[in-house]
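The values are calculated or read from the model by the stated rules, or taken from the named source; none is laboratory data. Keep in mind the model is a prediction, meaning the values are calculated, not measured. Positions of Cβ are backbone-derived with ideal geometry, glycine not excepted, and every protein chain shown enters the neighbour counts.
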């Protein structure tokens, strides 16, 4: 045999390796599945038994009992708000959408003047008001969440209409935290932005009793649609930060995550620091997915 050419009457004494175009396997039985068990290595997964489902275990295919490869309401929680149903406008504590309430005055639910498009339906616009700084708005899902009971993913798709500047300065805190009203939260896992922090580039933060760990990104905030996601592992000991589905280079953070005794909320906050000038922010959707370690 010459590499790349096999005569029709050639009989191989050993299987062709994976990197030479073979499988490195010499026999199969009915139901076997080939999969890459590591780089450049193929392995066989024997068939399961009736009613088992194919799932992943530590990143590799495995046959498991039905239910093990899927999900159920008892082991999962999903919150999704498309902001297609606006229920209130402006009062502290008032419900403003299907899954969110306002924690400060200053929310606007105006959807006119070109807000929204065929690609971004159901947008809510929030405004951080004209009060004396520090002042602003935070909308949150009122359901208390605690880390350590399963993996948690929190995601927002939003747009900043006008960036923070030295003359009209504000900060954004977006993620999962105990609401800090007109200040940063004392506990949480979230993204932070202001023009005078990390040169206006997004920062990932974890906070435990106001002691924080930060991870500076190299991605500058802008006035385009931006997707931010915070992913917390099941043990509540690590948080990963994604900007437009790309993980930050300094992610994950593994220190100063909030303890499992603290109530946290999915929140979007915009707080003025300098000037009474109002700024607007559009949110297309917010979501939170929790996969409980132990089924309820």
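Quick notes
- Verdict on residue 144 being free of Cβ contacts under 8 Å to residues at least 12 places away in the same chain, within 30 Å of residue 294 (Cα to Cα) and either buried (at least 17 other Cβ atoms within 10 Å of the Cβ) or in contact with a strand residue (DSSP E or B) (Cβ under 8 Å, 6 or more places away or on another chain) (or both): no
- In segment 81-101 there is no residue that is at pLDDT 80 or above, over 22 Å from the mean Cα position of the chain (by Cα), assigned to a loop (DSSP other than H, G, I, E, B) and exposed (fewer than 13 other Cβ atoms within 10 Å of the Cβ).
- The condition of being surrounded by fewer than 15 Cβ atoms within 10 Å (Cβ to Cβ) and either without any contact (Cβ under 8 Å) to a residue 60 or more places away in the chain or in contact with a helix residue (DSSP H, G or I) (Cβ under 7 Å, 6 or more places away or on another chain) (or both) holds for only one of 196, 208, 222, that being 196.
- Scanning segment 178-194 for residues that are modelled with pLDDT of 95 or more and under 20 Å from the mean Cα position of the chain (by Cα) returns 187, 188, 189, 190, 191, 192, 193.
- Of all residues in segment 181-193, those being touching a residue at least 60 places away in the same chain (Cβ under 8 Å) and surrounded by fewer than 20 Cβ atoms within 10 Å (Cβ to Cβ) number 3.
- Among (1) under 13 Å from the mean Cα position of the chain (by Cα); (2) over 20 Å from residue 100 (Cα atoms); (3) at pLDDT 95 or above, the one test that residue 224 misses: (1)
- Qualifying residues in segment 38-63 (those that are modelled with pLDDT under 80 and on the phi > 0 side of the Ramachandran plot) - the one surrounded by the most Cβ atoms within 10 Å (Cβ to Cβ): 51
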